[in-house]
Each structure stands twice: as C-alpha cells, then as structure tokens.
1. For the range 75-100, what are the residues that are under 15 Å from HIS51 (Cβ atoms) and either under 20 Å from the mean Cα position of the chain (by Cα) or in a helix (DSSP H, G or I) (or both)?
2. Out of all the residues in the range 264-277, which are out of contact with any Pro (no Cβ under 8 Å at 6 or more places or on another chain) and either part of a loop (DSSP other than H, G, I, E, B) or modelled with pLDDT under 95 (or both)?
3. Going through VAL197, VAL223 one at a time, which residue ends up being in contact with a strand residue (DSSP E or B) (Cβ under 9 Å, 6 or more places away or on another chain), on the phi < 0 side of the Ramachandran plot and either in a loop (DSSP other than H, G, I, E, B) or not hydroxyl-bearing (Ser, Thr, Tyr) (or both)?
4. Going residue by residue through the range 10-26, is there one that turns out to be in a strand (DSSP E or B), modelled with pLDDT of 95 or more and not hydroxyl-bearing (Ser, Thr, Tyr)?
5. So, in the range 86-125, exactly how many residues are over 22 Å from ALA44 (Cβ atoms) and either among the β-branched types (Val, Ile, Thr) or buried (at least 22 other Cβ atoms within 10 Å of the Cβ) (or both)?
6. Which pairs turn up if I take residues in the range 52-69 that are more than 21 Å from PRO193 (Cβ to Cβ) and look for partners that are surrounded by 24 or more Cβ atoms within 10 Å (Cβ to Cβ) and among the acidic types (Asp, Glu) with beta carbon separation below 8 Å, at least 6 apart in sequence or on another chain?
7. Determine which member of the set ILE274, ILE253, ILE190, ILE257 is among the β-branched types (Val, Ile, Thr) and open to solvent by 70 Å² or more (accessible area, probe 1.4 Å).
8. Determine the pairs where a residue that is without any contact (Cβ under 8 Å) to a residue 60 or more places away in the chain, located within the range 171-187, has a partner that is of a type in the set (Ser, Thr, Tyr) with Cβ atoms under 7 Å apart, the partner being 6 or more residues away or on another chain.
Amino acid sequence: MSITLLGAGEIRQIAESLDLRPTKSLGQNFVIDSNTCQKIVRLAGITSSDHVVEIGPGLGSLTLALLQASNKVTAIEIDKRLSDQLEITAKSHGANSKNLIIVNADAMEVNEIAGRPDKLVANLPYNISVPVLLNFLEKFESITSGIVMVQSEVAERLAAKPGSKIYGVPSAKAAWWADLKLADSVSRSIFWPVPKVDSSLVKFTRHKPLGDERLRKLTFELVDRAFGQRRKMLRSIYADLAGGSAQAEQLLIDSGIEPTIRGEALTIDDFLAIAHQLDRR
C-alpha cells in the first residue's frame with residue numbers, strides 16, 4: 001500500500017475531530033499543501049536509508065511526505081492529542097508503523113534519540129525556532145544536514161553573513177556547527193491558520209567541529225558580548241575579560257583582529273581565534 005498525503009479538507013476534519021483550535025502559544029500553523037511538503041523533502045535530499053527527525057509534526061502533513069521517502073522517521077510532538085493522532089493518521093494513509101517513532105515531548109528537553117538520526121526536517125514555531133535548531137545541532141552530532149521552515153526574518157538572520165546588518169547571534173552560533181543558506185520561500189497560503197508573517201526554508205550542512213566544548217562556550221560568550229553592544233568597538237566590549245582596554249586591544253591584535261572593529265564584521269572563526277588567545281592567558 002502506497003502512502004497518501006493529507007489535503008486541506010482532511011486536515012481540518014482531523015482538527016475538528018480532536019476539537020483542536022491551533023494555538024498561538026505553541027506556534028501551531030499547520031501545513032496544508034502536500035506539494036510544499038514534497039518539495040521540502042526533495043530539497044532536504046531525503047533517501048530511504050536516512051533516519052529523519054521531524055520536530056513539531058502537527059497533524060502529519062510533512063510526516064507522511066517524509067515517510068514516502070524514508071524508512072525511518074522520528075517525530076517529536078509536544079501536544080499529546082497530536083502525537084496520539086499522528087499514529088492513527090500515518091497508519092490510515094498507508095505508512096508502516098515500524099517506520100515511524102513518535103515522541104511526545106518538548107523538543108527543547110529531548111536529550112537522546114534512539115538510532116542516531118542523520119537528517120532534521122522541521123516546521124518550527126516562530127517563537128522558539130532558533131533555540132530549537134541550535135539545541136539540536138549541539139546535542140545530536142549524528143545529524144549531518146536538514147531543512148527548517150521558519151519565519152522569513154529568522155531565516156535571513158540564520159543565513160546572514162558577516163558585514164550584513166542582520167548578521168548577529170543566531171548567524172554566528174549556527175555557523176559553529178553548520179553552513180546555512182536560504183533554500184526557498186514559502187507562501188503564507190500553505191498554512192492553516194494563515195500566519196501574519198512570511199516563511200522561508202533554511203538548509204544546513206554540518207561541517208567539522210571548530211573546537212571542543214570548552215572553546216565553544218568561551219566563543220559563544222564572546223559572540224553574546226559582541227552583539228549585546230553592537231555599536232561598541234570590540235576593545236571596549238572585551239576590556240573586562242582581558243583585564244583592561246589596553247589588554248583587550250593587544251588580545252585582539254594577537255588574534256589577528258582590528259581592535260576598533262565591531263562584532264558584525266567577525267566570522268565565527270574570528271571569534272574562535274579570540275577565544276584561543278583568551279584561553280592561553
């Protein structure tokens with residue numbers, strides 16, 4: 001039996017049967033267009049051998065498209081009604097129950113996933129999209145690539161490069177683990193209810209680790225400080241860390257960084273270079 005996808009009418013019927021009213025607090029905007037789901041799967045490069053993690057499957061639109069391509073999908077859903085219904089929906093649409101693992105949990109609190117997943121695909125709620133993505137990149141080293149659908153403004157920030165006005169903490173921290181780029185835009189009309197903001201797809205590919213956990217934490221502290229005071233020069237921002245303005249200036253020079261530069265000009269490798277110098281002192 002082949003797997004069939006959900007249509008807009010059926011999605012609303014399932015929601016009605018559950019007495020479900022999408023809540024803003026959980027960022028529930030359900031994808032109702034099967035063509036978009038298949039496009040996401042295609043852009044993510046999902047194959048039958050991939051173990052895919054889906055965060056926030058909702059009513060199962062994207063889950064079924066993933067199951068068409070992959071033999072193993074782990075879906076993490078915080079809403080108990082939705083996680084219970086997902087199993088029923090998958091089975092009634094031709095999915096093999098052995099291919100779908102459903103975890104009823106808050107994605108931010110998931111620390112382990114059986115079977116070493118290697119792909120991540122998610123329609124992330126706007127209010128927690130960046131923390132969830134960074135959390136999964138940090139915790140699950142086996143995830144080598146994936147696609148997340150997020151608010152377009154967030155997508156642009158995640159994919160921004162140094163020198164851009166929108167380059168900041170999300171861009172720099174995500175770059176610690178992966179290379180990110182905008183993959184496509186998504187029409188508001190593919191969601192129910194229709195959101196008030198545009199959405200985009202961000203594709204990421206993991207690269208080799210830039211450093212150990214101790215260096216990562218130090219680098220991220222430097223990133224947070226730099227973008228917490230965007231208008232200040234780095235020698236002023238890092239003065240207390242280095243033991244004074246003159247020491248901060250020398251720290252930056254030793255790191256190959258111009259002391260009067262601002263944080264938005266630095267790559268994650270630049271921040272790491274400063275962390276290395278701090279660590280040696």
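The values are calculated or read from the model by the stated rules, or taken from the named source; none is laboratory data. Being a predicted model, the structure only gives us computed values, none of them experimental. For neighbour counting, all protein chains shown are included, and Cβ atoms are generated from backbone atoms with ideal geometry for every residue, glycine included. With ligands, DNA and RNA removed, areas are computed over all heavy atoms of the protein, side chains included. Shrake-Rupley method; radii C 1.70, N 1.55, O 1.52, S 1.80 Å.
1. The answer is ALA75, ILE76, LYS98, ASN99.
2. Matches in the range 264-277: none.
3. VAL197
4. Checking the range 10-26: not a single residue is in a strand (DSSP E or B), modelled with pLDDT of 95 or more and not hydroxyl-bearing (Ser, Thr, Tyr).
5. The qualifying residues number 1.
6. Final answer for the pair search is LEU66/GLU54.
7. Matching residue, one of ILE274, ILE253, ILE190, ILE257: ILE253.
8. ALA178/THR205; ASP179/THR205; LEU182/SER200; SER185/SER152; SER185/SER200
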